[in-house]
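Values in this text are rule-based calculations from the coordinates and carry no lab data. In this text, all values refer to a predicted model and were calculated from it rather than measured experimentally. Backbone-built Cβ (ideal geometry, glycine too); neighbour counts: all protein chains shown.
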2 protein chains.
Amino acid sequence: MRSAEELIDRLDAGERRAVARLISWAERGDPRAMEVIRAQRERLGGAYIVGVTGAPGSGKSTLTNALTRRLREQDAKVGVICVDPTSPFTGGAILGDRVRMNELATDPGVFIRSMGTRGHLGGLSRATSMALRALDLSGCEVIFVETVGVGQSEVDVMRVCHTTLMVMVPGLGDDIQAIKAGVMEVGDVFVVNQADRDGARRTAREVNAMLDLSHAEWRPPVTLASALKGEGLEALWEALEAHRGYMEGERGLLRRVESAEHELLALAQERLTQHLKTGLATHAQGADLHSLARQVALNELDPYSALDQLIAPN
Amino acid sequence: MRSAEELIDRLDAGERRAVARLISWAERGDPRAMEVIRAQRERLGGAYIVGVTGAPGSGKSTLTNALTRRLREQDAKVGVICVDPTSPFTGGAILGDRVRMNELATDPGVFIRSMGTRGHLGGLSRATSMALRALDLSGCEVIFVETVGVGQSEVDVMRVCHTTLMVMVPGLGDDIQAIKAGVMEVGDVFVVNQADRDGARRTAREVNAMLDLSHAEWRPPVTLASALKGEGLEALWEALEAHRGYMEGERGLLRRVESAEHELLALAQERLTQHLKTGLATHAQGADLHSLARQVALNELDPYSALDQLIAPN
């Protein structure tokens, strides 16, 4: 696959490798990825994108797995994007998740892709957006994006999803108070996983009580499920579909505009950074980034004066 | 404190509130913060900045606490910046750390500041850089920056430190293999904390064995300590000082230049984003961010064509 045209042909033929190639091009910032997306724009938008987030150990992967199997029984093509922090501290657990997901990797109707969280500023959500478009073009009807939800870059990733599913586990107890603020703003649908464990109903009640305090137009439903036993998946899927319907209205459009704004800003920052690094910025007044940085490092110049030499102030 | 001049006077008088105010200005992007830094540039650079990172529960705060007490015995002014993910999933533990640190909060020779990790792209490392300068100006001889080391933004924060101290705990066992890659590139000095626990020496041996595989010019030393019992702190401090000496050489300058480059890029991105949002970008060809985002959200335009309308391609 040398050209965008060839890749589009292979995508049309349903070749899995074409999807993988498109994502790779996108991750490297290869202009051919842009060419494909430009040419195929009108075919975009068919996929329903569900962000799956929750604390490590809450069973996000198992749940994604179970929902994927269910969709496969109905012959729907499914994409899964795992956003893994390649951090020293979480590497182990995530590797385990990957192995579990790989059971599905032999199914030709499922496409799984892992993304690292390291990279340039704004790079992760850009790469994820591109991977989502590639999977969308390949005919996936549903795409799950799994993140651990820690940090700004993961929050940015969730922004590109139609629906964010927040996975909780029983027995959070007092901790739930501490996590309240962060959870409330992120989840569109809540599920208490491992619902066969003690305290599942209490956790659901506590989450409901907190959600009652919010005055947002969309009231997130709270469901109970056991991913391992395959229980509660139908009700969960209905809750997701309800939010999908909501997102098709005017409110949903507002959110998609916001998400597009964010993506455009990230793309713009990336391009401008490239301009600055290669000295192409029309703003630049002659000084280059490296020599300015050296003066700042030697304390010969303060960073704000350096910035003014790099980009004119407004 | 209304003006930059007044704040500088109060900083000179050793007023703690002036430091806090300067950091607040910086966090809000108030131009008065830039004014102060510009005017006081020549007084900058006195502080030794140590990043303290490690997995949750490794005892970073206790260790920072113990090192701070030790420095206070020698009458050194100390600053502590805690970079807390305000994420739902770590909020609880970090709150506990804060309480422990607060024992030092009544000491007028210690300045403690917590920073959130949410915010605009590049915002965290910019805010941290500014807070470091404020503490530097206030006369802190040593500044600790404590992070959990998960995610790109925390890695960016560590970049602004002279020395990164990686805190390990005994009994990592097989996991250590999984975290190898990430840890190796980040730590300048390693300490196995809770050294009175079983397996501390084995963990130190394993870390040493991995470090032996690297061919970097600086070979990170590995020390043992028990922050709670106050043991091993002197050897740890000597190891930190050794790296500080190394960083004063040509290699250290390279790293400081790299860090300054990164900071300038973040500042430039922030400014350019501001320009784009307010339509001031000289690149803009008339189209504004919001209407382009709307077209992308409605799938009337692909994001790359939108980007070309926002910023000319190179």
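Brief remarks on what is shown
- Shortest first, B:Glu300 label-point distances to identical copies amount to 5.2 nm, with the label point at 7 Å from Cα along Cα→Cβ.
- Between the amide H of B:Val80 and those of B:Phe111, B:Ile112, B:Arg113, B:Phe144, distances stay under 5 Å, these residues lying 5 or more places away or on another chain, with hydrogens modeled in the peptide plane.
- Label-to-label distances for B:Arg72 across copies, nearest first, come out at 5.9 nm, using points 7 Å from Cα in the beta-carbon direction.
- Neighbour counting of Cβ atoms within 10 Å sorts the residues A:Ser3, B:Ser24, fewest neighbours leading, into A:Ser3, B:Ser24.
- 7 Å along Cα→Cβ, label-point gaps from A:Glu15 to other copies, nm, shortest first: 7.1
- The 3J(HN,Hα) values that the Karplus relation (6.51, -1.76, 1.60; θ = phi - 60°) gives for the range A:254-270 are, in residue order, 3, 5, 5, 5, 4, 5, 5, 4, 5, 5, 4, 4, 5, 5, 5, 4, 5 Hz. Gly and Pro appear as x.
- Per-pair calculated FRET efficiency, R0 = 35 Å: B:Arg16 and A:Arg197 via Cβ, rounded to 0.05: 0.10
- Looking at the range A:192-244, the pairs of alpha carbons with a distance over 17 Å make up 42% of the total.
- Phi angles across the range B:195-212 convert, under the Karplus curve 6.51 cos²θ - 1.76 cosθ + 1.60 with θ = phi - 60°, into 3J(HN,Hα) values of 5, 7, 7, 4, x, 4, 5, 5, 4, 4, 4, 5, 4, 4, 4, 5, 5, 5 Hz, Gly and Pro given as x.
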